Each structure stands twice: as C-alpha cells, then as structure tokens.
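Every number here is computed from the coordinates shown, using simple stated rules; none is lab data. Note that the structure is a prediction, hence the values are computed from the model and not measured. Note that we place each Cβ from the backbone using ideal geometry, even for glycine, and neighbour counts take in every protein chain shown.
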Amino acid sequence: MAIAALPAYLGTDFSSASPGMRFGMYLKLWGTDQHSGERLWTTHDLNYRAAGPNKHVRQFKDENKSNALREACRLSPQDRALMRALLDRQTALAEALQPSGQLLRVDAEAIAPFTTGLGNEHPLENGFAFLSPYGLPYLPSSGVKGVLRQAARELASGDWGDAAGWDQAERFMLPSGNARIPLSMLDVLFGKQSDDGDTEHVRGALQFWDVIPQVKGASLAVEVMTAHQSHYLQHDGTPHESGQPNPINFLTVPPGSAFHFHVQCDGPFLQRVAPELAADSAWQALLSAALEHAFDWLGFGAKTAVGYGAMRRDHSAEQARLAAQRAAAEQRKQAAAERQRQEDAAVRAADAQAAFDALPESDKALQQFAQAIAAFGAVESLTKAQYPELARHVNMLADQAQAWPEQSERQRAAEAIEQALNRFGWSAPGLKAEKRRKQETRRRELINLVIHGPERDSSGTKQ
C-alpha cells in the first residue's frame with residue numbers, strides 16, 4: 001500500500017487538505033513490501049500474487065503514480081468554494097476599478113487541457129503550479145504578461161496581417177534627468193529592460209493579475225506523455241523511435257474550465273507618457289486584440305507547442321457578467337434611492353415634530369384631536385365598538401380646553417368637538433331614545449363648559 005513520506009503521527013487521511021498539499025507534501029506515492037511492510041522509497045509497491053499456469057506466488061511491482069495523482073487532483077466542495085471566493089474577491093476589486101477605465105477583464109474558456117509549472121521540482125519529474133497558501137491551480141501573472149507581450153510583438157511586426165493598432169515605432173519619450181528615453185507601444189505598456197549595465201529600465205503601465213481557473217468538474221485531470229528516445233537523451237547512441245517507452249504522468253486543468261483575465265492600467269503614468277493610448281481607453285482595444293491573438297495562436301501555460309493551453313474568448317460569459325453587473329448596479333441605485341427617501345422622510349418628520357413642539361398647547365391639542373378624527377377614515381358612522389374611542393378623544397380635548405385662558409381657543413375646541421359629534425353622532429349607536437337624549441344633553445353641556453369654563457359666568461369672565 002502506497003504511503004506519503006510523512007511522520008506517522010500525522011495519520012493517513014489527507015482528504016481535507018488542498019490539492020497543492022496532496023500533490024506535494026502528502027502524495028501517497030512511496031511503495032512498501034506487502035510481506036515485510038518495509039518502506040521501499042520507490043514509486044511502486046511489491047505485491048505477491050498467484051500467477052502463471054502453476055499458480056505460483058510471484059512478486060509484482062505495482063506502480064503508484066496514477067493512483068497517487070488521481071487522489072491528489074480531486075477537488076473537494078471546500079476547494080471549489082474557495083476557488084469561487086478567490087474569483088469573487090478579484091471581481092469585487094475589478095468592479096471598483098472598471099468605472100475609471102483602469103481595468104480590462106476578459107473571460108475565456110479552455111478548449112484544451114491547461115498545465116503550468118511542469119518545471120517545478122517533484123518526485124514525478126513534472127511539477128504543477130499551485131497558488132500558495134490556498135493550494136489551488138493558477139496561471140501566474142508573469143505567465144500572462146509574457147504571453148501577451150509576445151502576442152503584441154507578433155502583431156506589431158505586421159507578419160500576421162492586421163496589426164490591430166500595434167506598431168514598433170519608438171515615438172514616445174520618457175524624460176529621465178537630462179535625457180529622454182525613446183519608447184514603443186510595447187515598452188510603454190509592458191515595460192522596457194535594457195542591456196546589462198544600461199540604466200534605461202522602464203516599468204510598464206500595465207499590471208497583470210493571477211488567473212484562478214474555475215475548474216470544470218470535481219477534479220483536475222491526469223495526462224500522459226510517453227518518451228521513446230530516453231536511450232538517446234540519457235545514454236549514448238543515435239535517436240530513433242524504437243526505444244523503450246517511458247510514460248510520464250502530469251496534472252492538467254481539464255477543457256471547459258473558465259479563465260478570467262484581469263489587466264490593470266496605471267492611468268496617470270500612461271497619460272503622462274503616452275496620452276494617445278490613454279485617450280478613450282485605447283490601451284484596452286490593443287490588449288483585447290493581443291488576447292485574441294494569444295487565444296488563437298499562442299496558448300497559455302506549458303506545452304503550448306503541442307496544443308495545451310488553447311483557449312477561446314467566452315462572449316456569453318462576458319455578456320452574463322455585464323448583465324449581472326447592470327442588475328447589481330440597478331439594485332444599488334434603488335437601495336440608495338430608498339435610503340434617501342427614508343432619510344428625507346426622517347428629516348421631514350423631525351421638522352414636523354420641531355414645528356409641533358413650538359406650537360402653543362391649544363394648537364397641539366387641536367392638531368392631535370384632528371389626527372384622531374382623521375384616523376377613523378371616510379366613514380359616515382361608527383360601530384358600537386369604535387364609538388368609545390371617539391368619546392375618549394372628545395373628553396380628553398374638553399378637559400384640556402377648559403384650562404385655556406383665551407376665549408377664542410376654547411371656542412375653537414368646542415367647534416371641533418361639535419363638528420366631530422355632528423359627523424359621527426352625539427350618542428353611541430344602538431341606544432334607546434331616552435339614553436340617546438341623555439348622552440346628547442350631557443355632551444352639549446360639556447361643550448358649553450368648554451366655552452365658558454367651570455369657574456366662569458355666561459359671559460366668559462372668571463369668577
């Protein structure tokens with residue numbers, strides 16, 4: 001049974017580890033002897049099985065490479081969630097930059113297996129690039145920049161037909177002390193590195209982000225390349241195709257996976273050095289053409305010469321993303337409008353409350369009574385259950401008004417009470433005639449009491 005080269009106290013279950021850790025530190029590759037349990041430190045196990053016509057037990061070398069890689073390239077739900085979260089973080093940063101025209105985003109789909117980092121050290125001779133500390137596959141920003149620089153260089157040469165706006169003329173000048181450094185489009189956007197000993201090094205206006213592939217399916221893929229000329233490469237002799245095959249496994253991101261490219265531009269630097277490339281975001285059109293050329297002819301990552309890393313622009317994904325951005329922008333706009341409406345309503349309410357607090361006590365009481373009457377709505381009569389609420393407001397206003405010193409204020413209160421009773425009735429509904437007459441008499445006496453007060457004569461003079 002294959003084991004990982006780890007201390008025993010770490011156990012053997014690494015299912016929760018990232019693919020990068022399972023491919024590197026925790027790879028269950030090293031063989032054991034089935035009989036003795038001895039660790040062989042080879043990539044095969046020694047197993048013993050009955051075989052042959054006589055069913056004699058024989059020793060077999062069972063390779064662990066394929067099984068180890070299949071286990072390493074599995075993606076757990078946590079890996080996929082983290083993969084998506086990393087892209088969401090890039091998207092959030094991109095959305096903050098896009099309105100200013102400082103960022104270009106292009107969505108692509110792999111149409112062939114993608115691999116990178118094969119030169120990294122690994123027991124299987126072929127490594128793979130995992131993003132630390134997340135342990136997920138990625139295309140480094142340096143690889144993106146290198147491919148796009150080559151694509152721009154090929155377009156600028158004119159050897160590929162339409163140059164899409166690229167050229168090699170050194171028509172931009174960057175002041176450097178008393179000198180001026182001539183720069184081409186490629187130098188301005190990608191940077192210029194002069195010969196050793198020279199000081200004319202210029203950083204480019206563009207910054208390239210790492211690409212986090214959104215892997216299709218629940219696993220990376222295992223590819224095989226088979227060398228037939230190891231006898232020539234490792235020993236003496238002449239090359240020919242009849243050598244002993246040597247299958248070599250390596251990891252890839254499967255076709256159909258999504259790649260999202262982000263290119264950020266230093267706008268002030270570009271405006272200062274090459275204003276024509278900054279105007280109307282001309283640099284974005286140039287980079288889009290370079291990306292299209294790279295998709296069609298160059299590819300990304302390793303082994304592009306034999307078809308790996310080929311991609312195509314995913315216009316449907318870009319349209320869906322733009323539609324989602326527009327919907328999110330509309331939601332933000334509506335939310336902002338709602339917040340503004342609530343803030344305005346709060347200001348109006350505060351102003352109204354301040355104006356109410358500044359009123360005389362009589363005006364406050366009359367306003368509150370009017371609001372209470374308005375709460376009954378447009379009905380012409382009240383139910384037996386509603387009428388006590390009217391009586392409560394009438395009695396409350398009457399009690400308050402009797403203490404007001406001004407005759408005109410008491411008169412207003414009496415008129416408000418009389419109007420309310422004329423509208424809804426001087427007595428509760430459903431009473432017999434005698435009780436209705438008694439209630440109406442008491443309420444008319446109450447109105448007279450409001451007007452004249454308990455300690456005033458009929459002329460309103462306080463006794």
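Report the extension gain between Gln386 and Ala169 in nm, rounded to one decimal, defined as 0.36 nm multiplied by the number of residues separating them, less their alpha carbon distance.
Taking 0.36 nm per residue and subtracting the Cα distance, the gain is 69.2 nm.
Placing +1 on the Cβ of every Lys and Arg and -1 on the Cβ of every Asp and Glu, with nothing else charged, gives the chain a dipole about its Cα centre of roughly 2260 debye. Remark: relative contact order (the chain) = 13 percent; criterion is Cα-Cα distance under 8 angstrom and separation of 6 or more residues.
Can you pull out the trypsin sites (Lys or Arg not before Pro) in segment 132-233 whose DSSP state is coil and whose Cβ has at most 13 other Cβ atoms within 10 Å? Kindly include the intermediate steps, with their values, before the conclusion.
Values: sites: Lys145, Arg149, Arg153, Arg171, Arg180, Lys192, Arg203, Lys216; in loops: Arg171, Lys216.
Passing both the DSSP loop test and the Cβ count: Arg171.
Taken over the Cα atoms of the chain, the convex hull encloses 390 Å³ per residue. Taking 7 Å steps out from each Cα toward its Cβ at Lys435 and Arg74 produces label points 8.3 nm apart.
Loop-resident GluC sites (Glu not before Pro) (DSSP state other than H, G, I, E or B) in segment 373-429 with no more than 16 further Cβ atoms inside 10 Å of their Cβ: Glu380, Glu406.
Highest first, please rank the peptides 260-270, 77-87 by the mean number of other Cβ atoms sitting within 10 Å of their residues. Provide the component values of the computation, followed by the final result.
Numbers: 260-270: 19.3, 77-87: 14.5.
The densest-packed peptide leads the list: 260-270, 77-87.
Applying the criteria of a DSSP loop state and at most 13 other Cβ atoms within 10 Å to the trypsin sites (Lys or Arg not before Pro) of segment 23-68 yields Lys55. Cβ-to-Cβ counts within 10 Å put Val211, Val147 in ascending order as Val147, Val211, the fewest first.
So what's the back-of-envelope 222 nm ellipticity for the chain, counting only DSSP H runs of four-plus at -39500 (n - 2.57) apiece and dividing by all residues, rounded to 500? My calculation for the chain gives -13500 deg cm²/dmol from helical runs alone. Relative to the current alpha-carbon distance between Leu10 and Ser194, full extension at 0.36 nm per residue lengthens the span by 61.2 nm.
Taking the number of other C-beta atoms within 10 Å as the exposure measure, put Tyr48, Tyr26, Tyr134 in order starting with the fewest.
Numbers: Tyr48 12, Tyr26 22, Tyr134 17.
With the fewest neighbours first, Tyr48, Tyr26, Tyr134 line up as Tyr48, Tyr134, Tyr26.
Rounded, prolate or oblate: which fits segment 246-340, taking a ≥ b ≥ c as square roots of the Cα gyration tensor eigenvalues, rounded meaning a/c under 1.5, else prolate when a/b beats b/c?
Oblate, because a/c is 1.5 or more while a/b does not exceed b/c.
Placing R0 at 56 angstrom, the Cβ-Cβ distance between Leu322 and Arg58 gives a FRET efficiency of 0.30 after rounding to 0.05.
Answer rounded, prolate or oblate for segment 407-457, using the Cα gyration tensor with square roots of eigenvalues a ≥ b ≥ c: rounded when a/c is under 1.5, else prolate when a/b is larger than b/c, else oblate. Intermediate values should be presented prior to the final figure.
Details: a/c = 5.08, a/b = 1.76, b/c = 2.89.
The shape class here is oblate.
Apply the Kirkwood formula to segment 359-452: the hydrodynamic radius equals the inverse of the mean of 1/r over all pairs of different alpha-carbon atoms; give it in Å with one decimal.
So the Kirkwood estimate lands at 13.6 Å.
For an R0 of 22 angstrom, estimate the FRET efficiency from the Cβ-Cβ distance between Val306 and Ser142 and round to the nearest 0.05. It would help to have the intermediate numbers written out before the result.
On the way: r = 22 Å, r/R0 = 1.00.
For Val306 and Ser142, the calculated efficiency is 0.50.
Dipole orientation for segment 122-179: of the candidates Ala152, Ser141, Asn178, Asn178 has the Cα lying most toward the positive pole (charges on Cβ; Lys, Arg +1; Asp, Glu -1).
Using the C-alpha atoms of segment 8-67, what convex hull volume per residue, in cubic angstrom, is computed?
Numbers: hull volume 6.0 nm³, N = 60.
In segment 8-67, the Cα convex hull volume per residue is 100 Å³.
Can you classify segment 36-120 as rounded, prolate or oblate using the Cα gyration tensor, where a ≥ b ≥ c are the square roots of its eigenvalues, rounded means a/c under 1.5, and otherwise it's prolate if a/b beats b/c and oblate if not? Note, shape of segment 36-120 comes out prolate.
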